[in-house]
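To keep things clear, I will list the structure first and then write my remarks on it.
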Amino acid sequence: MFSLATPPLFARLHSAQNVLIAGAGGGFDVFAGIPLGVALREQGKRVHYASLSFSDLERLDLDAWLEPGLAAVAPETSGEDAYFPERELARFLNDTVYAFPRTGVRPLRSAYRTIIEKHSIDAVVLVDGGTDILLRGDEQHLGTPTEDMTSLAAAAGIDGVVKIVTSLGFGIDAHHGVCHAHVLENLAALDKQGAYLGALSIPSDSFEARAYTTAVQQAQDATPLSPSIVNGQIAASLRGEFGNVQFTKRTEGSELFVNPLMGVYFSVDLDALARGVHYLPALEKTRTAFDVALAIEEYREGVDDRRPRRALPH
């Protein structure tokens, strides 16, 4: 049984000593795990970070690679200067951040197992910047599912650890056509199964929020041509900003809706979420990102009865 006095997310992680926080959707997604990681470290836990990378990892030195699908990125690691989220996070943390190249499920699962064995990981938290990892497959639009579902399927096939999915940035994926009424409907269905771990707001006036906004700002300063649109909006929400808050030319012509719900973690049991994604079994044997994208496309072509879009009450 959970209690109002102890958030279910932290209750599930209570006995864990070595936690892996991994960005599910690629790129800067792992930054959305910083507030959680800071809070867990304050509890005395050892926290490691990993990211499904969009960076040009082929430029890494050979000694950075632990295996073909796993690289260790340190603050001093050489690589692309214009876009390298993993190195920016490593510099902020002054620690190693693991990077996965974009692959299919099988290589990614192997990389996860290597980290789990190396650090005696007893809990894995997949973090999504946005909410499209919470979609089942029968919605009108799935956002950008390829990387999210590769991560979800890879982690679902690993036993012996606590596994959680948490998303930060509610509303951001509207830009990619996601219907957030469907997100809430999916969370309600998971709640019926006992798999919804609640919504947890990051207090704006907290050490966790300050660490996160500082990390995001440092990354924006280091990559001015390609700052994270997702984390930039979340950071703005944690500063109390609202509405069309523009911070990069990348969003010119788009109207943003920065709001307090962007600073809320929505968390679920990973295995239960994976069981509800209709096409996840089709990804099991994939080895490349192309394989994953093709399997999702083939599934979507066969879905005739997609749930109609619903508007949130207003």
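The values are calculated or read from the model by the stated rules, or taken from the named source; none is laboratory data. What you are looking at is a predicted structure, and each value in this text was computed from that prediction instead of being measured. A quick note on method: Cβ atoms are made from the backbone with ideal geometry, for glycine too, and the neighbour counts reach across all protein chains shown. The protein model used for the area step is the full one, side chains on, heavy atoms only, and it has no ligands, DNA or RNA in it. Shrake-Rupley method; radii C 1.70, N 1.55, O 1.52, S 1.80 Å.
General remarks:
- Complete set of residues in segment 205-215 that are within 13 Å of R91 (Cβ to Cβ) and surrounded by 15 or more Cβ atoms within 10 Å (Cβ to Cβ): A215
- The listed residue being open to solvent by 30 Å² or more (accessible area, probe 1.4 Å) and not aliphatic (A, V, I, L, M), out of E117, E139: E117
- Flag if F54 is under 30 Å from A199 (Cβ atoms) and either in contact with a Lys or Arg (Cβ under 8 Å, 6 or more places away or on another chain) or surrounded by fewer than 20 Cβ atoms within 10 Å (Cβ to Cβ) (or both): yes
- For segment 121-137, the criterion of being among the basic types (K, R) and touching a residue at least 60 places away in the same chain (Cβ under 8 Å) is satisfied by at least one residue.
- Scope segment 192-203; condition without any contact (Cβ under 8 Å) to a residue 24 or more places away in the chain and over 19 Å from A5 (Cα atoms); matching residues: K192
- Pairs with Cβ under 7 Å, 6+ apart, first in segment 285-314 and over 25 Å from E185 (Cα atoms) and of a type in the set (G, A, S), second modelled with pLDDT of 85 or more and open to solvent by 100 Å² or more (accessible area, probe 1.4 Å): A289/R102
- Residue pairs whose Cβ atoms lie under 9 Å apart, separated by 6 or more positions or on different chains, with the first residue in segment 143-172 and within 17 Å of F100 (Cα to Cα) and the second of a type in the set (D, E) and assigned to a strand (DSSP E or B), are D148/D128; S151/D128.
- Top-ranked residue of segment 12-32 - restricted to ones that are assigned to a loop (DSSP other than H, G, I, E, B) and of a type in the set (A, V, I, L, M), ranked as surrounded by the fewest Cβ atoms within 10 Å (Cβ to Cβ): A16
- Qualifying positions in segment 115-165 - among the charged types (D, E, K, R) and touching a Cys at 6+ places or on another chain (Cβ under 9 Å): E139
- Residue within segment 204-215 that is farther than 30 Å from T6 by Cβ and aromatic (F, W, Y) present: no
- Listed conditions (1) outside any loop (DSSP other than H, G, I, E, B); (2) modelled with pLDDT of 95 or more are all met by P203, apart from (1).
- Qualifying residue in segment 95-114 (condition: β-branched (V, I, T), in contact with a helix residue (DSSP H, G or I) (Cβ under 8 Å, 6 or more places away or on another chain), at pLDDT 95 or above and open to solvent by 40 Å² or more (accessible area, probe 1.4 Å)): yes
- The residues of segment 217-242 that are at pLDDT below 95, open to solvent by 80 Å² or more (accessible area, probe 1.4 Å) and assigned to a helix (DSSP H, G or I) amount to a single one, D221.
- Filtered by the rule that a residue be open to solvent by 60 Å² or more (accessible area, probe 1.4 Å) and in a loop (DSSP other than H, G, I, E, B), segment 172-200 gives a lone residue, Q193.
- From the list D81, D95, the lone residue that is outside any strand (DSSP E or B), more than 18 Å from the chain's Cα centre (by Cα) and closer than 27 Å to A11 by Cβ is D95.
- Scope segment 250-272; condition open to solvent by 10 Å² or more (accessible area, probe 1.4 Å), at pLDDT 95 or above and in a helix (DSSP H, G or I); matching residues: P260, L261, D271
- Applying the condition of being more than 12 Å from L270 (Cα to Cα) and over 13 Å from the mean Cα position of the chain (by Cα) to segment 148-171 and asking which residue is most open to solvent (accessible area, probe 1.4 Å) yields G160.
- Matching entry among P75, P35, P68 (being open to solvent by less than 10 Å² (accessible area, probe 1.4 Å) and not basic (K, R)): P35
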